[in-house]
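Asks: Structure in structure tokens, see below.
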Amino acid sequence: MSANQKWLNSLKMAVINEDIGDIIKHTSDIPKLETLEESQTLLALIQRAKELINTEMRKIDTEMTQIKQTKKYLS
């Protein structure tokens, strides 16, 4: 297994586990891919990672809104 395949598999596991910290770590150091298949796999993983991050951002936004409403109510 090539270094690129190991890297892709590691990113794939981060995406499957929804580990945003690990996803960010991987995407900050993308190796030069050698095949079309590797590039297509990376594209699919990045698209899924983007969905996960957007979902997490929406959750955080909702929580922040609730905190602000609670703070306003308690003031």
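Asks: Set Lys and Arg Cβ to +1 and Asp and Glu Cβ to -1, take the dipole of the stretch 3-74 about its Cα centre, and tell me which of 17, 53, 4 lies farthest positive.
Replies: The listed residue farthest towards the positive side: 53.
Asks: Tell me, 68, 12, 32 in order of fewest to most beta-carbon neighbours within 10 Å?
Replies: Going from sparsest to densest Cβ surroundings: 32, 68, 12.
Asks: By count of other Cβ within 10 Å, fewest leading, how are 6, 72 ordered?
Replies: By the 10 Å Cβ count, ascending, the order reads 72, 6.
Asks: May I pose another question? Can you show me the helix-derived [θ] at 222 nm for the chain, built from DSSP H runs with n ≥ 4 at -39,500 (n - 2.57) apiece and divided by the number of residues, rounded to the nearest 500.
Replies: -28000 deg cm²/dmol
Asks: Oh, and also: Dipole magnitude of the stretch 3-74 about its Cα centre, charges +1 at Lys/Arg Cβ and -1 at Asp/Glu Cβ only, in debye to the nearest 20?
Replies: For the stretch 3-74, the charge dipole is close to 420 debye.
Asks: Next question, about the same structure. Report the net charge of residues surrounding residue 14, where surrounding means a beta-carbon distance below 11 angstrom and charges are Lys +1, Arg +1, Asp -1, Glu -1. Kindly include the intermediate steps, with their values, before the conclusion.
Replies: Numbers: positive: 12, 25, 48; negative: 18, 19, 22.
Overall, the nearby charge balance is 0.
Asks: If Lys and Arg each add +1 and Asp and Glu each add -1, what is the summed charge of the other residues whose beta carbon sits under 15 Å from the beta carbon of residue 66?
Replies: After counting each charged neighbour, the total is +3.
Asks: Over the stretch 3-74, how many pairs of lysines fall under 19 Å by alpha carbon, counting only those 8 or more apart in sequence or from different chains?
Replies: Lysine pair count for the stretch 3-74: 9.
Asks: If you compute Kirkwood radius over Cα pairs in Å for the structure shown, which of (i) 14.1; (ii) 15.6; (iii) 16.1 do you land on?
Replies: (i)
Asks: Right, here's the next one. Would you order 18, 34 from fewest to most other beta-carbon atoms within 10 Å of each residue's own beta-carbon?
Replies: The order, fewest Cβ neighbours first, is 34, 18.
Asks: On to the next question. Return one number: the angle in degrees, 0 to 90 and rounded to the nearest 10, between the long axis of the Cα atoms of helix 3-16 and the longest principal axis of the Cα atoms of the chain.
Replies: 30
Asks: Let me ask you something else. Between helix 36-74 and the chain, what is the angle of the helix's C-alpha long axis to the longest principal axis, kept within 0 to 90° and rounded to the nearest 10?
Replies: On a 0 to 90 degree scale, this one is about 10.
Laboratory data are not the source of any read-out in this text; all were calculated from the coordinates shown. Because the structure is predicted, anything quoted here is derived from the model rather than measured. Don't worry about glycine lacking a Cβ; one is built from the backbone with ideal geometry, like all the others, and counts go over all protein chains shown.
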